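Take a look at the structure below.
The values are calculated or read from the model by the stated rules, or taken from the named source; none is laboratory data. Because the structure is a prediction, the values reported are computed rather than measured. Heads up, the Cβs are rebuilt from the backbone with ideal geometry, glycines too, and the neighbour counts pull from every protein chain shown. When the accessible area is computed, the model is the full protein with side chains, heavy atoms only, and any ligands, DNA or RNA have been set aside. Shrake-Rupley method; radii C 1.70, N 1.55, O 1.52, S 1.80 Å.
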Amino acid sequence: MDAVMLSRIQFAFTVGFHFLFAPITIGLAWLIVVLMSRYRRSGSALDRAIAHFWVKIFALTFAVGVATGITMEFEFGTNWAAYSRFVGDIFGAPLAAEGITSFFLESSFLAVLLLGWTRLSPRVHYISSWLVALGATLSGLWIIIANSWMQTPAGYTIVGGRAVLTDFLAAAFNPSTLPRYFHTIAAALLMGSMFMLGISAWYLLKKQHEAFARPPFTLSLSLTFVASLLVLFIGHWHAVEVAHFQPTKLAAIEGLFDTQRHAPLLVFGIPDPAQRTVHYAVRIPGGLSWLAHNDADAEVAGLDQTPAADWPPLPLTFFPFHLMVVLGCYFIGFSGLGLLLLRNGVVYRFRPYLWLALLSIPLPAIAIQLGWITAEVGRQPWIVYQLMRTAEAISVSVPAVQILISLLVFISIYSLLFIWWFLAVRREILRGPETDQPLTGPEVAA
Amino acid sequence: MIVLQHSWLVILWIFFIGYLVLDGFDLGAGFWHLLTRGEEERRMILNAIGPFWDGNEVWLITGGASLFAAFPPVYATIFSGFYLALIVLLAGFMFRAIAIELRGKEPSPRIRGYWDIAFAVGSIVITLLLGVAWGNILRGLPLDQVGNNTGSFFDLLNPYSLLIGVFGIALLATHGALWIALKTSGDLPAKARRWAGSAWIGTLLLALSAILVTPAAAPHLLTNYMVHPLLWLLPALTALALLLIKVYSAQQRDLAAFLASVCAIGGFIISSVTALYPRMVPADNPQFSLTLSNASSSFLTLKVMLIIVIIGLPFIVGYTVFTHRLFAARVTADQFHY
């Protein structure tokens with residue numbers, strides 16, 4: 001395998017792994033703000049035990065996110081030196097701004113949140129949960145700014161073979177930044193909520209610490225429903241933006257080979273790039289034109305507008321997107337059903353639903369990975385859309401064998417990290433609430 | 001433009017020196033961790049770094065990202081040029097983090113012993129790699145006109161760079177021991193002062209050897225000092241700070257000794273950055289050297305980022321002071337209650 005492919009595999013692996021933990025922390029951080037404000041209002045031992053438990057789970061997840069985040073920051077230089085030289089004037093700034101504005105905030109106040117239960121005033125302790133959540137959410141903004149510039153570059157000019165910044169706000173808030181940011185944050189809220197929901201469901205299934213598990217169950221169920229709707233609507237906004245600014249990606253996502261008016265929306269099918277057709281297609285006539293341009297008769301650009309050499313790999317763009325949409329619909333139905341069952345507290349004892357919630361923990365993680373694959377593979381063969389090709393972006397001074405070694409190092413150490421995280425979270429779950437008082441909330445009588 | 005480039009040189013080194021003096025104490029504490037025998041002392045050392053070590057690494061992350069933003073060619077050259085070393089560095093950071101987390105929760109003393117070794121070895125490897133990397137930058141790299149390092153991995157392991165690496169270990173060993181003396185209680189502070197004393201002698205001897213071999217190994221580093229003799233004040237002040245470590249430590253003034261060590265670390269870095277100036281990465285062929293003027297980002301990028309730093313840096317200093325005040329007391333061997 002050549003250095004380009006190895007570097008791509010390594011980057012995809014390390015970023016994909018990081019993108020499991022970072023979104024959970026963004027979602028959990030806001031749920032913890034709610035739990036901390038409950039504790040601040042009631043001051044009860046129960047609410048304290050709940051918040052305390054979730055702060056510990058958060059800290060474990062955060063630690064993996066930080067450790068794997070350092071790798072991402074190094075890799076632009078280690079593996080993509082030509083890219084770094086080309087875009088550094090623009091791309092480095094959001095990464096530095098992330099460190100300056102978010103990382104210090106997040107890591108300092110996480111230590112305060114973790115260790116401040118007794119040595120701080122409740123008010124300062126509560127505020128630190130807000131600061132952690134703000135830091136995590138702001139950090140996501142800088143990263144999406146950087147990545148969106150690769151998708152829809154703006155606010156730059158090319159001087160002497162390098163992209164040079166001409167307008168900071170235009171570059172930062174390029175056409176895809178905001179839809180992608182809100183789509184990602186909504187997905188992170190969804191992922192964090194379903195994580196909390198599944199773990200709470202486990203306690204309810206075991207009939208252990210039920211008073212301790214119900215408030216986070218209800219809270220995360222409600223947020224799952226809201227977030228799953230937000231993901232869908234903002235996802236639509238994002239798709240409209242892609243139709244305008246990255247038509248080739250939209251065509252690949254939808255398997256649209258020919259430019260046409262009244263373009264159909266593909267519900268199912270298997271695209272065949274060689275014959276330029278979609279097998280077993282199930283279509284909604286005019287659906288794509290309507291979704292992309294709000295007009296069922298609008299013309300949608302097909303793959304025929306782009307030379308086949310510049311198409312993204314079709315299966316890796318088409319299938320991840322459609323699977324993601326299927327999962328997105330599942331999340332809405334699943335959480336909507338749960339909210340209906342919440343009346344009279346039926347859901348707390350409805351074992352099939354609790355099992356479903358537990359087994360669904362990995363699904364948002366899969367959906368978020370699929371979305372990321374669609375976004376990144378759909379941009380190929382470009383590393384910066386229509387400005388620089390991925391193959392031209394690598395570090396020429398690094399031999400392929402060294403990349404192979406590093407890839408193996410990352411695979412082994414990340415596996416260790418994952419096992420450590422899984423066992424540590426499992427141990428906290430088995431240990432349950434830490435308190436010296438019996439936890440009887442008002443819900444127990446219900 | 002010249003003002004902006006110099007501002008960024010200063011900001012960059014604020015982050016890196018901040019990293020070295022902060023993460024330096026927990027890396028250094030990691031070396032000594034292995035020399036203690038009892039569980040109680042090990043627990044105390046971990047508690048002394050517990051609330052800080054994860055946050056300390058943020059200084060390196062931000063320093064690295066600032067290098068990318070302000071001097072992209074330098075970032076690209078160094079990170080791709082030191083490829084395998086940086087991968088080992090990353091693995092060291094992660095392995096060390098896992099070791100710190102796991103040893104605290106491990107009931108079996110035997111397995112806990114293995115994690116202790118991993119923690120210490122991780123700390124030593126990280127320090128050695130950072131020192132060797134800095135030694136190579138000081139010495140100069142065989143760069144081509146694009147800035148690619150044409151040397152091999154084994155070229156990085158030259159005697160001069162290894163000397164700087166070992167010097168870095170001695171320096172941070174002193175620093176870590178002083179932190180232990182400052183933050184722990186019982187018999188440990190007295191023991192840590194003795195450790196600091198022996199590591200201090202090592203630091204002194206290695207610093208002298210590095211200075212003595214520099215005219216032969218990296219003569220270009222002396223040019224600035226020859227042209228502007230006043231600059232010798234910088235190494236002189238560094239030597240003074242080094243001396244004060246010994247004086248204060250002997251008087252059991254632990255905070256003063258630790259701060260003197262902070263100044264000494266800062267002094268060594270500032271003296272060597274001054275020796276490089278205006279180069280950032282010297283190349284064997286001087287035409288290809290990366291300098292402050294040929295390797296910086298554009299005026300607009302430097303300006304926008306400077307505004308962000310001017311707003312952000314006071315907050316960063318504020319958070320750091322806040323957490324250090326919150327955990328200012330000397331620690332005992334009790335487990336921190338998370």
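Computed from backbone phi with θ = phi - 60° and the Karplus coefficients 6.51, -1.76 and 1.60, the 3J(HN,Hα) list for the range A:396-407 is 6, 7, 9, x, 4, 5, 5, 5, 4, 4, 5, 4 Hz; x is used for glycine and proline. For A:GLN260, nonlocal amide neighbours, meaning residues 5 or more places apart or on other chains whose placed amide H falls under 5 Å from its own, are A:VAL300, A:GLY302. The residues packed around B:ASP26, meaning those with a beta-carbon under 13 Å from its beta-carbon, carry a net charge of -1 if Lys and Arg are +1 and Asp and Glu are -1. Under the simplified labelling scheme, the A:ARG427-A:VAL282 pair shows an inter-label distance of 4.8 nm, with each label point 7 Å from Cα along Cα→Cβ.
For helix A:122-151, what angle does its Cα long axis make with the longest principal axis of chain A, in degrees from 0 to 90 and rounded to 10? Taking Cα atoms only, the helix is inclined about 10 degrees. In order along the range A:320-335, phi translates into HN-Hα couplings of x, 4, 5, 4, 4, 5, 4, 4, x, 5, 4, 4, 5, x, 4, 6 Hz, rounded to whole numbers, per the Karplus curve 6.51 cos²θ - 1.76 cosθ + 1.60 with θ = phi - 60° and x for Gly and Pro. On chain A, 68 percent of the accessible area sits on carbon and sulfur atoms, based on a 1.4 Å probe. Averaged over the residues of B:143-152, the number of partner chain Cβ atoms lying within 10 Å of the residue Cβ comes to 3. Extension gain, A:THR306 to A:LEU356, is 13.6 nm, computed as 0.36 nm per intervening residue step minus the present C-alpha separation. Adding -39500 (n - 2.57) for every DSSP H run of four residues or longer, then dividing by how many residues chain B holds, sets the calculated 222 nm ellipticity at -26000 deg cm²/dmol. Taking 7 Å steps out from each Cα toward its Cβ at B:VAL317 and B:LEU255 produces label points 1.8 nm apart. For helix A:177-206, what angle does its Cα long axis make with the longest principal axis of chain A, in degrees from 0 to 90 and rounded to 10? Approximately 40 degrees, to the nearest 10. Taken residue by residue and averaged, Cβ atoms of other chains lying within 10 Å of the Cβ of B:297-310 number 5. In chain A, the longest principal axis of the Cα atoms and the axis of helix A:362-377 are about 20 degrees apart. What the range B:2-326 shows is 38 Å² of accessible area per residue, with the surface traced by a 1.4 Å probe over protein heavy atoms.
For chain B, hydrophobic long helices are taken as DSSP H runs at least 18 Å long by C-alpha position along their axis with mean Kyte-Doolittle hydropathy of 0.0 or more; these are B:2-33, B:53-70, B:83-105, B:109-139, B:159-183, B:188-217, B:233-250, B:254-276, B:299-326.
Each of the peptides B:289-301, A:398-410, A:268-280 was scored by the mean count of other Cβ atoms within 10 Å over its residues; in descending order, highest first, they stand as B:289-301, A:398-410, A:268-280. Treating r as the C-beta distance of B:LEU35 and B:MET226 and R0 as 60 Å, the FRET efficiency rounds to 0.90. Placing a label point 7 Å from the Cα of A:ASN294 along the Cα-to-Cβ direction, the residues of the range A:169-183 whose backbone N falls under 17 Å of that point are A:179. May I ask you to derive the FRET efficiency for A:ASP258 and A:PHE13 from their Cβ-Cβ distance with R0 = 35 Å, giving the value to the nearest 0.05? The pair A:ASP258/A:PHE13 has a calculated efficiency of 0.45. For the protein assembly as shown, what does the alpha-carbon gyration tensor say about shape, rounded, prolate or oblate, given a ≥ b ≥ c as the root eigenvalues, a/c under 1.5 as rounded, and a/b over b/c as prolate? Oblate, since a/c reaches 1.5 and b/c is not below a/b. Annotation: lysines with alpha-carbon distance below 26 angstrom to B:LYS246 (same-chain offsets under eight excluded): B:LYS183, B:LYS191. Scanning residues 5 or more positions from A:ARG283 or on other chains, those with amide H under 5 Å from its amide H are A:VAL267, with H placed 1.01 Å from N in the peptide plane. Return, ordered by residue number, the residues of the range A:69-102 whose backbone nitrogen is under 18 Å from a label point located 7 Å along Cα→Cβ of A:ARG389. Under cut-off, by backbone N: A:80-84, A:86-87. Per residue, chain A reaches -24000 deg cm²/dmol at 222 nm when only DSSP H runs of four or more residues are counted, each adding -39500 (n - 2.57). Buried accessible surface for the A/B pair, both sides summed and rounded to the nearest 100, is 5600 Å² with a 1.4 Å probe.
Taking amide H as placed 1.01 Å from N in the peptide plane, B:SER185 has its amide H under 5 Å from the amide H of B:VAL331, each at least 5 places away in sequence or on another chain.
Once you have a ≥ b ≥ c as the square roots of the Cα gyration tensor eigenvalues for the range A:163-284, tell me rounded if a/c is under 1.5, and otherwise prolate or oblate according to whether a/b is larger than b/c. Please report the intermediate quantities before stating the final value.
Working: a/c = 3.47, a/b = 1.59, b/c = 2.18.
Oblate is the answer for the range A:163-284, as a/c is 1.5 or above yet b/c matches or exceeds a/b.
The relative contact order of chain A, computed from alpha carbon pairs under 8 Å that lie at least 6 residues apart in sequence, is 21 percent. Using r as the Cβ-Cβ distance of A:LEU342 and A:GLN275, and R0 as 45 Å, what FRET efficiency do you calculate, to the nearest 0.05? Efficiency at R0 = 45 Å is approximately 0.35. The overall shape of the range A:98-209 is oblate: from the C-alpha gyration tensor, with semi-axes ordered a ≥ b ≥ c, the ratio a/c is 1.5 or greater and a/b is no larger than b/c. Along the range A:269-280 the Karplus relation, 6.51 cos²θ - 1.76 cosθ + 1.60 evaluated at θ = phi - 60°, assigns HN-Hα couplings of x, 10, x, 10, x, 5, 8, 6, 8, 10, 7, 6 Hz to successive residues, with x for each Gly and Pro.
Inter-chain neighbour count for B:45-52: the average number of beta-carbon atoms from partner chains within 10 Å of each residue's beta-carbon is 1.
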